[in-house]
Each structure stands twice: as structure tokens, then as C-alpha cells.
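What follows draws every value from the coordinates through simple rules; no lab data is involved. In this text, all values refer to a predicted model and were calculated from it rather than measured experimentally. In this analysis, Cβ positions are derived from the backbone assuming ideal geometry, glycine residues included, and neighbour counts consider all displayed protein chains.
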Amino acid sequence: MIADYKHWVVLLRPAQATLGSLILGAKGDWVAFSQIPPQAFAELADITHSIETGLRNFSAYDKINYLMLMMVDPHVHFHVIPRYAKPQRFAGVEFADAGWPGQPNLAAATATSPEIQARLRDELRRHWPTN
């Protein structure tokens, strides 16, 4: 977990499609975007600001994509994919954006060990804005 909010949670995406890939998940059992209550939509504005600020503080991305796929997990969530024109390095591992400049290639995720994932989580938390 990177950040916890009233209606949403920001998690490190286990499969790092690009460096700093996240999941923005709704806490409710909503399976359609239209089911989200107005309070959760309002909170989403502040959270997306925090996501973009935190990721930019961590590693300045060139673009950012929010993908709402909900294929395996039917509950409302976004895959947040920071996009980079050039490969990024973290903890000795290179993270390439295999889809750049087109659609993100989620299948080309960089494999990371639990140790690297923990270090990445901690670095993202360290760069996350305080509200």
C-alpha cells in the first residue's frame, strides 16, 4: 500500500509495466464506474493530484495513463501507468516502457523481487505528498 483514503486505496502494481506503476482501487464493492457515490468521485480529484505529484517527485514521467480495465478483478480500479520515453533505473534494475510512445504494453512488465518491490513501495511513500 502506498496511500489509504476514505473511498480509495493506492497500491504498488505487482507487475511493473513501467517504473512506479500503481493500482488505484475503490474500496467499495462497485463493479461499474456509475455505481460510485458522489463523495468518492469528489475524493478522486484530490487523489489523482497526489498520484501525479508523488510519481513526478519520485521519477519525472513523460506522460501518465489511467486504464480502467476491470477484466480479472471486476471491482472498480485503475491501472496507473507512468510513461517514459527512455528506460528508467531503480535499485540496479532497468525498467523499459515497451509500448512507448503507443499504448502501454502490460504484458512486458519488469519482474521484480519482493525486496525490490518493498524498496520501491518505500520510495514512493517517501515522495508522496502529505494532505
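Summing Lys, Arg as +1 and Asp, Glu as -1, what charge do residues with Cβ under 11 Å from the Cβ of V93 carry, V93 excluded?
Charge balance near V93 sits at 0.
Using only helices, what value at 222 nm comes out for the chain when you add -39,500 (n - 2.57) per DSSP H run of length 4 or more and divide by the total residues, to the nearest 500 deg cm²/dmol?
Details: 2 runs with 35 residues, N = 131.
That calculation yields -9000 deg cm²/dmol at 222 nm.
Picking from A45, A85, A26, which is most flexible by a Gaussian network model of the chain using Cα springs under 10 Å?
In the Gaussian network model the winner is A45.
Once the piece of chain linking Q117 and M1 is laid out straight, how much longer is it, given 0.36 nm per residue of separation minus the C-alpha distance between them?
40.7 nm
Helix 114-127 versus the longest principal axis of the chain: what angle, 0 to 90°, nearest 10, using Cα atoms?
For 114-127 against the chain, the angle is about 70 degrees.
Would any residue of the range 14-44 have its amide N under 18 Å from a label point 7 Å out along Cα→Cβ of R125? List them or say none.
14, 20-25
Report the relative contact order of the range 3-127, percent, no decimals, based on alpha-carbon pairs under 8 angstrom and at least 6 residues apart.
In percent, rounded to a whole number, it is 30.
Report the local net charge at W8: Lys and Arg +1, Asp and Glu -1, summed over other residues whose C-beta lies under 11 Å from its C-beta.
-1
When the chain is modelled as a GNM with alpha-carbon springs shorter than 10 Å, which of Q117, Q16, Q103 fluctuates the most?
Of the options given, Q103 has the highest mean-square fluctuation.
Give the angle, between 0 and 90 degrees and rounded to the nearest 10, that separates the Cα long axis of helix 38-58 from the longest principal axis of the Cα atoms of the chain.
The angle comes out near 10 degrees.
Is any residue of the range 63-99 close enough, with backbone N under 15 Å, to a label point placed 7 angstrom from the Cα of L11 along the Cα-Cβ axis, and if so, which?
69-80
Once the cut-off is 22 Å, how many percent of the Cα-Cα pairs in the chain end up in the long-distance tail? If you can, show how the numbers build up before the last one.
Working: 2893 of 8515 pairs.
When all Cα pairs of the chain are counted, 34 percent exceed 22 Å.
Taking the Cα centre of the chain as origin, sum charge times position over the Cβ atoms of Lys and Arg (+1) and Asp and Glu (-1), and report the length of that vector in debye to the nearest 20.
Working: 12 positive and 12 negative charges, 47 e Å.
Roughly 220 debye, rounded to the nearest 20.
So how far apart, in nm, are the two label points at D29 and V93 if each is 7 Å from Cα heading toward Cβ?
3.5 nm
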